[in-house]
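Below is one structure, written out as structure tokens; comments come after it.
The values are calculated or read from the model by the stated rules, or taken from the named source; none is laboratory data. These numbers come from a predicted model, not from an experiment. Reconstructed Cβ throughout: ideal geometry from the backbone, glycine too, with neighbour counts over all protein chains shown.
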Amino acid sequence: MLQEIRLRDLGVIDEAVVPLHAGLTVLTGETGAGKTMVVSGLGLLLGGRGDAGLVRDGAARTVVEGLVDLPPDHPAMVRAADAGADVEDGLVLVRTVSGEGRSRAHIGGRSAPVGVLAEIGQHLVAVHGQADQWRLRSADEHRELLDAYGGRPVQTTLATHRGLFAERQSVARELGDLEGRLRERAQELEFLTLGLGQVETADPRPGEEDDLRAESERLTHAVDLLSAAGEAAELLGGSDDPYAAEPGALSVVEAVGRARSTLAQAGSNDPTLAELAVRVGELGHLVGDLVGDLATYRAGIDVDPGRADAVEERRAVLAGLARKYGPSMADVLQWAKEAAVRVEELAGTDDRLEVLRSRLATIDVDLTAAAGALTAARRRAASRLGSAVTTELGHLAMGKAAVVVSVEARAAATRDGADDVEIRLAANPGATARSVARAASGGELSRVMLAIEVVTADKAGLVPTYVFDEVDAGIGGRAALDVGSRLAALARHAQVVVVTHLPQVAAYADRHLVVTKASDGLITSSGVVEVTGADREAELARMMAGVQSDTALRHARELLTEVDVRRG
């Protein structure tokens, strides 16, 4: 709840602290003292429009501060925390308006947009004044109020409807996406299928392009390679060609053989030389193997021009795949793997379309049924709410008025159902019930709102604080006592602050605050004080008679006694 409001340089108020407590708090005071300024300050604190006209004459700015104490999980505290506010030790709200009309807001010690104050205010305080009945001017608020009053039967049906509505939106979006992209998907499927066919036909293997590049180099220089290998083989192993450049010349194999034989003969006389003969023999074996390898290499070189053409054609095929799906054959094969998965997905699009269309048709049937059930539940709750509010109005000097909560089905459903909900008022018997925001005067509107708040006080969705500005306008006598009684009843469930000019209402207060006015002949200023005991009796006497005579004081005491009796 609100614990305290501090006002500085607001209208006629120089500086004032308004302590607020649980239960019913009333603000009274002489005409012009600034009672309404307290409500105006609260409006600023809750994100209302900043008007330079509210700044006290001669002051640079108006400052309004409020201290709020709520559980950490309350929506107002959650929104404040989301805005970066420090809410560990309570929530401090600050609003300033300069004489030039510039406005600033601070929430929990942190600067914030004024709009965030308004969002917090919607969860924090319901202000009911003759010019500010926001809960009765919004069609959505009418519906939310009815749904809260309807309790579990309405809330359960509403949750079912919202779940189906959300599912329908999801299915419809996916279906629309699939249907809208059928041509694109067909083109994609054709492209992927063509690409997979090219890869399958080519049947590449990882690293194949490197092997072909090396073979192409060999084929291009085949004659030179054959010549070099042949010459090396001839030098190492000799030649049978009688026309060789050096007929009779020893080959390396022959020279090594002779050297081994010579060393072996002499090695019988020296073990060291014999060991060297063995090593020369090993060299002979190595040279022989090398000559064989050269012969094999020469046999493997293809000088067929047809093979060179085939290699280049294969390289061209692989290069084409690499340009489209590469750059390497490993990349091409990975693309083909992923493309195959995508082709399977695209090929199943038609099946998915049928599944979605079938599901959408089923949801539409279920959603229509849920909307109908919600309408029926709302109408049952609306009948009870209308009767209860009408009964309450009988205690608020509106005994001839009747409230009807209309629930009319509409063709198109929204997340919140397919109903238009409106609270209507017939001010007199036989009169046509019209929207309460248009059918009631300012005072009547406040009383209708009070009746609604009393009826719904034990329902979910309550704000913690209610403020009523002259809800008792246009009534008096016994009816005023009834209004006070109903305010006290509401205060058993929430914090209630009332600005009133009626002693019958003020007598029900748990806390009585008086807005006082003082003047030094040049400047008038106002402040706020709490009155108890004799001071409270004196204020009630002033409200009754305009003076504090013995008769007025006696009547004030009698009024307090009667209120105590009414309370039981």
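Just a few scattered comments:
- Residue count, the range 320-367 (criterion: of a type in the set (Gly, Ala, Ser), under 28 Å from Val171 (Cβ atoms) and at pLDDT 85 or above): 2
- Residue among Thr36, Thr25, Thr62, Thr96 that alone is touching a Ser or Thr at 6+ places or on another chain (Cβ under 9 Å) and in contact (Cβ under 8 Å) with a residue 40 or more places away in the chain: Thr62
- If only residues of the range 127-175 that are of a type in the set (S, T, N, Q) and at pLDDT below 90 are counted, the one that is farthest from Val407 (Cα to Cα) is Gln130.
- The residues in the range 248-272 that are surrounded by fewer than 16 Cβ atoms within 10 Å (Cβ to Cβ), in contact with a helix residue (DSSP H, G or I) (Cβ under 8 Å, 6 or more places away or on another chain) and more than 29 Å from Glu231 (Cβ to Cβ) can be counted, and the count is 2.
- Only residues that are without any contact (Cβ under 8 Å) to a residue 40 or more places away in the chain and in contact with a helix residue (DSSP H, G or I) (Cβ under 8 Å, 6 or more places away or on another chain) were counted in the range 276-292, giving 6.
- With a requirement of 3 or more residues that are at pLDDT 85 or above and over 46 Å from the mean Cα position of the chain (by Cα), none of the strands (runs of 3 or more DSSP E) lying completely within the range 492-531 satisfies it.
- Criterion: assigned to a loop (DSSP other than H, G, I, E, B) and either out of contact with any strand residue (DSSP E or B) (no Cβ under 7 Å at 6 or more places or on another chain) or surrounded by 14 or more Cβ atoms within 10 Å (Cβ to Cβ) (or both) - qualifying residue of Gly101, Gly121: Gly101
- Residue in the range 9-26 that is within 32 Å of the chain's Cα centre (by Cα) and farther than 19 Å from Arg536 by Cα present: no
- Subset of the range 146-173 [among the charged types (D, E, K, R), over 24 Å from Val454 (Cα atoms) and surrounded by 15 or more Cβ atoms within 10 Å (Cβ to Cβ)]: Arg162, Glu167, Arg168
- When we screen Gly66, Gly47 for residues that are under 29 Å from Leu540 (Cβ atoms) and either under 34 Å from the mean Cα position of the chain (by Cα) or of a type in the set (Phe, Trp, Tyr) (or both), the only hit is Gly66.
- Filter result for Val39 (buried (at least 23 other Cβ atoms within 10 Å of the Cβ) and of a type outside the set (Ser, Thr, Tyr)): no
- Scan the range 236-247 for residues that are surrounded by 15 or more Cβ atoms within 10 Å (Cβ to Cβ) and either at pLDDT 70 or above or over 18 Å from Ala299 (Cα atoms) (or both) and the total you get is 3.
- In the range 307-342, the residues that are without any contact (Cβ under 8 Å) to a residue 12 or more places away in the chain, surrounded by 15 or more Cβ atoms within 10 Å (Cβ to Cβ) and of a type in the set (Lys, Arg): none
- Scanning the range 82-91 for residues that are out of contact with any Asp or Glu (no Cβ under 7 Å at 6 or more places or on another chain), outside any loop (DSSP other than H, G, I, E, B), surrounded by fewer than 21 Cβ atoms within 10 Å (Cβ to Cβ) and not charged (D, E, K, R) gives no hits.
- None of Leu70, Leu44 is surrounded by 18 or more Cβ atoms within 10 Å (Cβ to Cβ), in a helix (DSSP H, G or I), touching a Leu at 6+ places or on another chain (Cβ under 8 Å) and in contact (Cβ under 8 Å) with a residue 40 or more places away in the chain except Leu44.
- Those residues of the range 203-218 which are without any contact (Cβ under 8 Å) to a residue 60 or more places away in the chain and assigned to a loop (DSSP other than H, G, I, E, B), in sequence order: Asp203
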